[in-house]
1. Give the separation of the Cα centroids, the stretch 46-103 to the stretch 443-519, in Å.
2. What number, in percent, do you get for the relative contact order of the stretch 416-523 if the mean sequence gap of Cα pairs under 8 Å and at least 6 apart is divided by its residue count?
3. Working out 0.36 nm times the residue gap between Leu266 and Leu305, then minus their Cα-Cα distance, what length gain in nm do you get to one decimal?
4. Go through Ala64, Trp40, Ala51 and say which Cα lies farthest out towards the positive end of the charge dipole of the stretch 19-74; charges sit on Cβ, +1 for Lys and Arg, -1 for Asp and Glu.
5. Among the listed pairs Lys668/Lys711; Lys459/Lys496; Lys171/Lys226; Lys459/Lys551; Lys46/Lys496, which have their C-alpha atoms separated by more than 26 angstrom in this model?
6. Ile669 to Thr23: extension gain in nm, 0.36 nm per residue of separation minus the Cα-Cα distance?
7. Please give the contour-minus-distance gain from Asp578 to Glu222: 0.36 nm per residue of separation, less the Cα-Cα distance, rounded to one decimal in nm.
8. Beyond 17 Å, what share of the Cα-Cα pairs of the stretch 94-226 remains, rounded to the nearest whole percent?
Amino acid sequence: MRNIEEIAAEEDARVWEERRLRTQGFLFVSGVFLGVWGWWVFAGGKIEKGAFLVLVSILFLSLAWGVLKGIKFSLNSFAAGTIATLPILALYSITRAPFFGWGKDPAFWLSVHAGAVGEPAWSPLSYLFAEAACFLFPQFQFTLLPELSAIVLSLSLFFLTREYFSQMKNKTPTSLGFGLLLVWAFGLSYPFWNAGTIGLGLVSSLGLLLFLFQKSLLSMNEKSWKTITLLVGLLWSVHPLWGFLASLNYLGSLDGEGRKIKSNLLPLLVGLTPFLWIVFRTDCFFPSWGGNQPFLEIFQNWQSLLASHFAQDWQLGPSLAWTGWIFWMCAGLSFFLWGMNFFKGKTTSKPFFSTVEFWTWTASGLGGFLLFSNSTQNLGPSLLWFGAGLGGFLLKLLDRSLEKRQPTFMGWSSQVGLSTVLILAAMILACLPGGRWFRRQLYFPEQHAFNLIRALGPKSIIIFEDPFEAAACRETQLMEPVAPTAILLESQYLDKRWYVTQCVNRVPDLLFSGLNGSIEDQLKNLVINNRDRWEIQWALSALPADWKEPKVFPAVLTQVFEGGAPREDPVDTQYRYDLTVLPQTDEKMDDASYHYLSRYVVGFDEMGKALMTEGRYPAAIHAFERSAKLDPSFSPPQAYLGQIYSQQNILEAARLEFEKTIKTHPGKITEIMKGIDSAQKAKDEMKMVGLLDQMIRLNTELADAQYQLSKILGKEGRSQEAKSLLESSLQLNPRQLEAQMTLGHLMVQMGNRVKAEDAFRSVLGLDPQNKEAQIELWKLLNKP
């Protein structure tokens with residue numbers, strides 16, 4: 001007969017079970033309601049609020065289906081995860097790109113901020129997650145995405161630490177310490193660091209986090225199949241590669257209970273609901289990839305898209321190089337230790353991995369390498385799990401060696417010591433100055449996009465050849481509403497019916513003559529049909545060698561087509577370019593930064609040649625000097641400058657223009673300042689901004705004219721007049737390095753050592769690495 005304590009315990013258990021069921025029911029109903037409401041709000045255009053409601057609904061449903069069962073920690077594993085994660089989070093936060101980087105990263109930002117349907121592969125869950133974060137922290141929306149990647153990836157490494165510790169049978173202080181070292185090493189490796197410091201990295205970090213959740217739930221004795229199936233759908237929504245790995249993991253773990261597919265169909269569909277993001281945002285932002293039928297477009301063109309990826313954007317050598325030292329060191333070390341165990345006969349017992357784990361790990365590595373993008377230097381997102389699997393394999397090898405310690409030269413202690421030394425060496429190699437993970441020129445990509453946008457008028461069309469420039473300029477239109485009415489087109493889609501249809505629908509007065517012919521023919525026809533009513537620019541610094549018509553004039557970053565539409569003089573346009581964050585070629589820079597810097601170098605050189613042809617020598621001199629300043633190793637502008645200064649008639653014409661500028665510009669500046677005062681009193685902000693832009697331009701032209709005329713006078717021996725002009729030029733533009741250097745050399749010639757030192761010190765204050773100023777100052781300081 002049962003006693004009163006047993007009866008009371010059963011009653012308490014029954015009450016708690018009823019409460020649990022009621023809570024699950026409430027969470028389920030709330031999740032369904034919030035999901036429907038969220039998608040309704042999202043479809044209405046409030047995408048950030050809708051994304052937040054949808055994510056909360058998915059969270060509620062996952063709680064109703066038992067996701068918390070996979071989140072269990074011992075105190076030791078929690079402490080170890082915290083110790084492993086905090087330094088990595090600090091590293092990612094300190095070294096993150098404050099805005100978008102090169103490649104396709106701005107396309108991710110554009111998908112988040114504008115809900116633009118981008119070119120495949122899609123990641124709707126990542127977009128929803130980022131949009132929800134922007135809804136919660138709107139004041140940080142244009143800097144939040146890299147920080148979000150850092151937080152999610154650090155959380156993934158927290159759970160990875162727990163995964164490593166759960167695999168260890170022999171939890172000695174040495175093995176635990178080595179596990180921490182592995183987590184730090186992978187956190188420092190280039191694939192992990194890159195994923196944790198750019199916005200696009202959220203596709204990799206979020207996928208890894210959900211995949212680790214799925215593995216944790218599958219390792220439990222009582223599996224929550226509804227939650228596991230939900231995670232399969234969510235991982236498909238993060239990226240197709242993550243979805244494939246999750247499905248492989250799921251199907252390989254099915255048992256009698258899990259084969260009830262019908263009972264788990266609803267969680268799978270809930271996990272796939274983020275793809276409604278594509279449905280509701282189709283054709284809502286111009287341009288929208290695929291037109292009205294993006295799913296049909298990718299189905300019909302998957303072969304050409306895949307062929308284009310392998311022909312244009314994938315290379316084996318760079319994909320192996322961008323994997324980095326740490327990955328390959330761990331791979332080599334694992335293979336070596338496995339061979340040691342094999343020859344000692346230790347691999348005949350229990351296998352290191354199940355068949356499903358092995359093939360999932362192999363597929364993650366192959367997918368990571370095959371989806372490498374040379375334009376972004378990003379490997380496929382699943383490569384993070386390939387690295388994590390390498391670490392787990394290495395730990396299991398060392399753990400197996402500890403079970404059978406032998407006092408040999410390669411016993412357990414020797415294996416741990418060798419592994420520690422090699423991994424530390426790989427970490428040091430990864431951190432050496434000039435390594436791939438030292439990202440430089442963080443603000444250059446954003447400034448480059450701003451420069452392109454600022455050169456556009458109210459009725460302008462710009463045609464891009466570079467997908468990065470197109471996406472980055474659209475993103476900058478959201479960040480700072482510059483040229484909001486300008487039309488941004490991509491030449492690669494001009495022969496696509498879905499693209500032309502969108503252009504005609506969104507811009508009815510934009511004329512197309514058809515879809516026949518090559519992309520170059522389509523571009524020419526577009527220009528000819530529209531140049532009388534639009535200012536049309538082509539985002540190239542130099543024309544193709546065989547280009548003849550339509551006629552253009554170079555404007556540094558673009559080519560401006562000639563036509564009947566009123567347009568600004570390209571010489572005036574280039575004054576809007578902000579060159580302050582452009583790197584110098586004596587700095588170490590990545591290939592992408594050098595590629596886009598060369599756009600300015602070649603562009604100024606092309607402008608100088610066109611101005612010389614027109615006889616506009618002062619403007620040509622200015623363009624050539626800018627080109628030479630940005631890249632002193634680029635010889636053409638130096639040759640043209642030498643040609644100009646060697647011909648007396650050209651030099652005299654330029655001198656007259658400089659003198660005219662010096663006489664007339666001060667009066668113009670005075671008039672503009674009066675106009676600014678009037679605009680301030682009338683509170684006319686638009687007029688004031690326009691007048692300020694004019695005044696900045698006139699000041700720049702005046703400073704340049706004073707500097708150029710001083711050089712001519714200096715060659716004629718009129719040193720005192722040259723000195724006065726240089727000092728006036730520096731008062732207008734103190735950051736003009738060329739004028740400071742010229743003043744320093746002039747003061748040396750005049751014997752004014754103190755002022756020469758001051759001039760060279762001013763140069764070093766602006767550019768501490770300037771070799772010429774360092775040498776000249778050293779000569780002066782060591783001169784008796």
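The values are calculated or read from the model by the stated rules, or taken from the named source; none is laboratory data. Not measured: the values here are computed from a predicted model. Glycine gets a Cβ as well: all are built from the backbone with ideal geometry, and neighbour counts include every protein chain shown. We work out accessible area using only protein heavy atoms, side chains counted, and drop any ligands, DNA or RNA first. Shrake-Rupley method; radii C 1.70, N 1.55, O 1.52, S 1.80 Å.
1. Cα centroid to Cα centroid, the span is 36 Å.
2. Working: 90 pairs, mean separation 20.8, N = 108.
Once divided by the residue count of the stretch 416-523, the mean separation gives 19 percent.
3. Details: separation 39, 0.36 × 39 = 14.04 nm, distance 3.22 nm.
Between Leu266 and Leu305, full extension yields an extra 10.8 nm.
4. Looking along the dipole axis, the top candidate is Ala64.
5. Among Lys668/Lys711; Lys459/Lys496; Lys171/Lys226; Lys459/Lys551; Lys46/Lys496, the Cα-Cα distance tops 26 Å for Lys171/Lys226; Lys46/Lys496.
6. Numbers: separation 646, 0.36 × 646 = 232.56 nm, distance 7.23 nm.
Using 0.36 nm per residue and subtracting the Cα-Cα distance, I get 225.3 nm.
7. Details: separation 356, 0.36 × 356 = 128.16 nm, distance 6.15 nm.
The Asp578-Glu222 span can extend by a further 122.0 nm.
8. Working: 5513 of 8778 pairs.
Roughly 63 percent, once rounded to a whole number.
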